[in-house]
Every structure is written in C-alpha cells, then in structure tokens.
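Peer 1: The structure that follows is given in the form of structure tokens.
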Amino acid sequence: MNATEQIQAAQKAELESMASMVEKTMNGFERLAQLNLQTLREVAQNAAEGMRAALSARDVQELMSVQTDNPIQAQSQKAFAYAQQLAEIAASTQAELAGVVNQSMTRMQQALRDAMQNSTHNLPMGSEGAAALMQSAMNFTSQAVEAMQKTQSQTTKMVSDSVQNVAQTAAKGAQQAAQSGKRRVS
C-alpha cells in the first residue's frame, strides 16, 4: 500500500470513528431525554395525587395529615435514583466515547509505525542517524499517547466516583432533612 492509499485509509477510518462518536453522543442525549421525561411524568403524577388528596380532605386536621403523609424521604430516594441514573448515563456515554478515541489513537499509532517503517526502507544509505531520530520520535509519541490514554481513563473514573459521591451525599442530606421534618411535625 503506497503512502496515498495509507492516508486515504486512515482518513476513512477516522471519518467512521467520528460518525461513531456522534452516534454514541446522540444515544447518550436520547437516554438523558428519556430519563428527564420519565422523571417529569412521575413528578406530575405525584403532584396530581397530592392535590387530589388535599382536595379530598374534609377538615384542617385531615389536610395536615395529608401534607405530612407525603414523605420527603420518598422524594429524596427518587432524587437519589435520578442522580444515579444520570451518573450511569454520563459514565457509560463517556466510556463509549473513550473507547472510540482509544481505538482511533491505536489506529493512528499503527499508521505512524507503518509509515515510519516504509520510509526507513526507502532512505538512502548513510541515513541511519535520521532513521534513529525518527524512531526515537515515534517511541516518544507512542509513550505520550499511552500516558494520555491512562490519564483519560483515570479522569473518567474520578468523574464517575465524584458524581456518585455527590448523589449519595445529596440523598443523605435529604434523608436527614426528612427525618428532622418528621420530628417537627410530631
């Protein structure tokens, strides 16, 4: 395969990679939209049920009972579940995108190695120094790409862990608020 064909093949592979990234991003947005619609539907249903219960109260004491029976803890659990689902969508979408990027980087590294091998075979005699310099640059580039992939993987894990921690902290705070609210009503 000559250099032009190699470049065309690399461009085609990268175009496919970009299309895959767009598709994975759109799938993530679609899952997020579905989650938001489901949550909105549940909130509207809960609000309607609360209003029906409040309107069916016959006296003030029954109205107060209806209002205190609407558990804040259940709402905090729903908020926690939403945050968890949101974190899962973000993490899975990010992992899918990272996979595509890693595949692309691996392809690019291989294309560089192949191009380098082809170019070193075509160098005139006495060009060993230039070939060694090119090989050194290729090794450095490979190490940089590997370091970048490792950093990206660590960053993905840190972000996922942070989102989970925030969701858990929010759920605990809401649960504590619900418990203190129950004490005040009693």
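The values are calculated or read from the model by the stated rules, or taken from the named source; none is laboratory data. Just so it is clear, the model here is predicted, and its values are computed rather than measured. Note that each Cβ is placed from the backbone with ideal geometry, even for glycine, and that neighbours are counted across all protein chains shown. The accessibility values were calculated without ligands, DNA or RNA, using every heavy atom of the protein model including side chains. Shrake-Rupley method; radii C 1.70, N 1.55, O 1.52, S 1.80 Å.
Peer 1: For Glu62 and Ala19 in one chain, what is 0.36 nm times their gap in residues minus the Cα-Cα distance, to one decimal in nm? Spell out each step's value before the answer.
Peer 2: Working: separation 43, 0.36 × 43 = 15.48 nm, distance 5.88 nm.
My answer for the length gained is 9.6 nm.
Peer 1: Against the longest alpha carbon principal axis of the chain, how many degrees, from 0 to 90 and to the nearest 10, is the axis of helix 60-69 turned?
Peer 2: Computed tilt is about 30 degrees.
Peer 1: If I take R0 = 35 Å and measure r between the Cβ atoms of Met116 and Ser92 in this structure, what FRET efficiency does the formula 1/(1 + (r/R0)^6) give, to the nearest 0.05? Spell out each step's value before the answer.
Peer 2: On the way: r = 36 Å, r/R0 = 1.03.
That pair, Met116 with Ser92, gives E of 0.45.
Peer 1: What net charge do the residues around Val100 carry, taking every other residue with its C-beta under 11 Å from that of Val100, with Lys and Arg at +1 and Asp and Glu at -1?
Peer 2: -2
Peer 1: Another question, if that's okay. Kindly identify the chain as rounded, prolate or oblate by the Cα gyration tensor criterion: order the square roots of the eigenvalues as a ≥ b ≥ c, call it rounded if a/c is under 1.5, otherwise compare a/b with b/c, prolate if a/b is larger, else oblate.
Peer 2: Details: a/c = 11.62, a/b = 3.25, b/c = 3.57.
Cα axes put the chain in the oblate bin.
Peer 1: Which of the three applies to the range 1-91, rounded, prolate or oblate, going by the alpha-carbon gyration tensor with a ≥ b ≥ c and a/c under 1.5 meaning rounded? Before the final figure, lay out each step's value.
Peer 2: Values: a/c = 13.23, a/b = 4.74, b/c = 2.79.
Verdict is prolate for the range 1-91.
Peer 1: Using a probe radius of 1.4 Å on heavy atoms only, what accessible surface per residue do you get for the chain? Whole Å² is fine. Don't jump to the answer; show the numbers that get you there.
Peer 2: Numbers: 13410 Å² over 186 residues.
Here the residues of the chain average 72 Å² of exposed surface.
Peer 1: Points 7 angstrom from Cα along the Cβ direction at Thr141 and Asn46: gap in nanometres?
Peer 2: 5.4
Peer 1: How charged is the neighbourhood of Ser17? Take every other residue with its Cβ under 13 Å from the Cβ of Ser17, and add Lys/Arg as +1 and Asp/Glu as -1. Please list the in-between numbers first.
Peer 2: Details: positive: Lys12, Lys24, Arg107; negative: Glu14, Glu16, Glu23, Glu96.
With Lys, Arg at +1 and Asp, Glu at -1, the net is -1.
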